[in-house]
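J.: Quick one: this structure, given as structure tokens, is what I'll be asking you about.
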Amino acid sequence: MQAPGNFARGAGFNTVRSHRDVEYDAFSRVTRDLQRASRGEMSLARAAAVNADLWSTLAADLADDGNDLPDDLKARLLSLAIFSIRQSHRAIAGHAEPAAMIDVNLAIMKGLRGEVAA
């Protein structure tokens, strides 16, 4: 039996995604833009502003009472958030390159995928 209309090609079916998958994708998009900015392919100020927004959202989530991550992990991630937001603002002002932001984001992406640093 064939599914009617668009469903025959799989359109309309949603994949179940975890919060980690969504977070990974957000970091992936932002990091890709920072990498493009480092090559002069897009505005560093724009990429850094989006990076600051991502980290601000993450910091708010970490500070929420409903966040069930261990306190020590939340503290470390909040420290990275503060650093990343500051670096982003420095980059927006023209006083920082994207390398540190890229490195931090890549480390977070590895953690979200369960990869251990070598």
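J.: Take the residues of the range 19-44 that are touching a helix residue (DSSP H, G or I) at 6+ places or on another chain (Cβ under 7 Å) and of a type in the set (A, V, I, L, M, F, W, C): which is nearest to A91 (Cα to Cα)?
T.: Checked the range 19-44; the qualifying residue nearest to A91 (Cα to Cα) is L44.
J.: Specify which of the listed residues (S79, S84) is in contact with a helix residue (DSSP H, G or I) (Cβ under 8 Å, 6 or more places away or on another chain), part of a helix (DSSP H, G or I), hydroxyl-bearing (S, T, Y) and under 28 Å from S43 (Cα atoms).
T.: The conditions single out S84.
J.: Consider A96 carefully, then state whether it is buried (at least 17 other Cβ atoms within 10 Å of the Cβ), within 16 Å of D33 (Cα to Cα) and hydrophobic (A, V, I, L, M, F, W, C).
T.: Yes, satisfied.
J.: Out of A93, A81, report the one residue that is without any contact (Cβ under 8 Å) to a residue 60 or more places away in the chain and more than 16 Å from the chain's Cα centre (by Cα).
T.: A93
J.: Could you check, for the range 64-78, whether at least one of its residues is over 11 Å from the mean Cα position of the chain (by Cα), hydrophobic (A, V, I, L, M, F, W, C) and surrounded by 17 or more Cβ atoms within 10 Å (Cβ to Cβ)?
T.: Yes, that holds for at least one residue.
J.: Another question, if that's okay. State all residues of the range 43-68 that are under 18 Å from Y24 (Cα atoms) and of a type in the set (D, E); if no residue qualifies, say none.
T.: Scanning the range 43-68 gives D53, D61.
J.: Is there a residue in the range 24-40 that is part of a loop (DSSP other than H, G, I, E, B) and surrounded by 15 or more Cβ atoms within 10 Å (Cβ to Cβ)?
T.: No, because not a single residue in the range 24-40 is part of a loop (DSSP other than H, G, I, E, B) and surrounded by 15 or more Cβ atoms within 10 Å (Cβ to Cβ).
J.: Determine which member of the set A60, A96 is part of a helix (DSSP H, G or I), among the small types (G, A, S) and at pLDDT 95 or above.
T.: Among A60, A96, only A60 is part of a helix (DSSP H, G or I), among the small types (G, A, S) and at pLDDT 95 or above.
The values are calculated or read from the model by the stated rules, or taken from the named source; none is laboratory data. Worth saying up front: this structure is predicted, and the values here are computed from it rather than measured. Cβ sites come from the backbone with ideal geometry, for glycine too, and all protein chains shown count toward neighbours.
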